[in-house]
1. Answer yes or no as to whether Ser32 is at pLDDT 55 or above, of a type in the set (S, T, N, Q), assigned by TED's automatic domain parsing to the domain that holds Thr110 and crowded, with 18+ Cβ neighbours inside 10 Å.
2. Looking at the stretch 300-316, is at least one residue in contact with a helix residue (DSSP H, G or I) (Cβ under 8 Å, 6 or more places away or on another chain), more than 29 Å from Gly74 (Cα to Cα) and at pLDDT 90 or above?
3. Any idea which residue in the stretch 55-69 is nearest to the chain's Cα centre (by Cα), counting only those that are surrounded by fewer than 20 Cβ atoms within 10 Å (Cβ to Cβ) and touching a residue at least 60 places away in the same chain (Cβ under 8 Å)?
4. As an exercise: evaluate Trp8 against (1) surrounded by 16 or more Cβ atoms within 10 Å (Cβ to Cβ); (2) touching a Phe, Trp or Tyr at 6+ places or on another chain (Cβ under 9 Å); (3) at pLDDT below 90; (4) not β-branched (Val, Ile, Thr) and give the number of the one condition it does not meet.
5. Considering only the stretch 247-273, how many residues are more than 15 Å from Gly229 (Cα to Cα) and not aliphatic (A, V, I, L, M)?
6. Restricting attention to the stretch 235-262, which residues are over 13 Å from Met289 (Cα atoms) and either within 36 Å of the chain's Cα centre (by Cα) or in a helix (DSSP H, G or I) (or both)?
7. Of the residues in the stretch 219-260, how many are in contact with a Leu (Cβ under 8 Å, 6 or more places away or on another chain) and of a type outside the set (Gly, Ala, Ser)?
8. Going through the stretch 269-309 one residue at a time, which ones are closer than 13 Å to Tyr221 by Cα, of a type in the set (A, V, I, L, M) and part of a loop (DSSP other than H, G, I, E, B)?
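The values are calculated or read from the model by the stated rules, or taken from the named source; none is laboratory data. Just so you know, these numbers come straight off a predicted model, no measurement behind them. For neighbour counting, all protein chains shown are included, and Cβ atoms are generated from backbone atoms with ideal geometry for every residue, glycine included.
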Amino acid sequence: MTECRSQWLGRADNVDSRGGANLDSLSDALRSMNETAIAEKLKHYVLINIFNNHHTVLSQSLCDSVGIAGLLYGERMLPQEAVSRVVSASSSIPNQREALLTGVKEAVQTDSNSLHTFANVLCTINTNVSLGQAILDDISKYFPTPEVAVVPETIKDDHNVVSLNNASTDKTKTPNNSQSDTSSDAKVASSQSQALSPQVKIHVPVPKDLLTNFNSMRMSYGRMFYNVGKIIKRKSPPLEEIKELLSCCGTILRQKAEQCTNIPNVLRLIQNECSLTDIELLHTVAEEMEITEATRYIEAYRTDLKEFCNLLSISLCLKERFASIPHLQCETVTFIFDWEPCRGARTEGY
């Protein structure tokens, strides 16, 4: 161990070519001496410290803990028990964050690569990009990634291919060279096309108990519309004002609103235009007509809907995850039912 440290600090074994005397090169030196266990413990210790250093900021600023938990489950980083703990803490954002970070810390303690996965997932969510990038930056300080050679960019015209790096010295190429380069480019384009073309088929089982939750959501939707409708009828806002508002929300909606002769007709139109996941038209009418009593029913429904969607996303992502590399890869997702959903469930699910 003393010899290893001496050579490492003395820049032996071409250590400068691997970023200098850092923890990564020390880990390589230990592995070369068959001290793999010590190298892993060293890496593990550093990564856990990085996570601990970011814990306070994460516990104060992390957004969408439930969504992140679902993504980490898809990455095989969090078990379903950890995801369930995050979901069950949905009444408190700080509790959600703490439940998620507890699960992440447990994962990092088990597998040091989990911290990199966690940071990458954070970078896929706009509100968390800075948090994820800060973690990646700290990781790279201790474990720098090797530099990758950059292929010079080229400018193409009808006859020539000119390298930007040599634009001032290269002479005009002959047609034969142009044909050769064109052929080479065609091969590259073909290989890139082949890399993006494979289709990944993912099968997602749909549990039957999902139907119970879906029916419960439909009942919640019906109760919300019933209560809001009663309030609107009782307040009896001017019919022409509501029709004018609806007319401003779309050409097709204008044509339908013109046929309404009373408030119940208008309410029926609004309900037909809304769905389980989109009640924005109803909310707009209640807000513009200043029917404040309806707000609590609408907000209560939105809360129920958010919880249902979170549970739904977890239920349908138990075994498979979408590929993240290469980008633009075609993927086919097949939802598998071993039970027959009713027609209403199929149509209202969109």
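1. no
2. Yes, the stretch 300-316 contains a residue that is in contact with a helix residue (DSSP H, G or I) (Cβ under 8 Å, 6 or more places away or on another chain), more than 29 Å from Gly74 (Cα to Cα) and at pLDDT 90 or above.
3. This residue is Gly67.
4. (2)
5. 12
6. Passing the criteria: Ser247, Cys248, Cys249, Gly250, Thr251, Ile252, Leu253, Arg254, Gln255, Lys256, Ala257, Glu258.
7. Summing the residues that are in contact with a Leu (Cβ under 8 Å, 6 or more places away or on another chain) and of a type outside the set (Gly, Ala, Ser) in the stretch 219-260 gives 11.
8. The answer is Leu276, Ile279.
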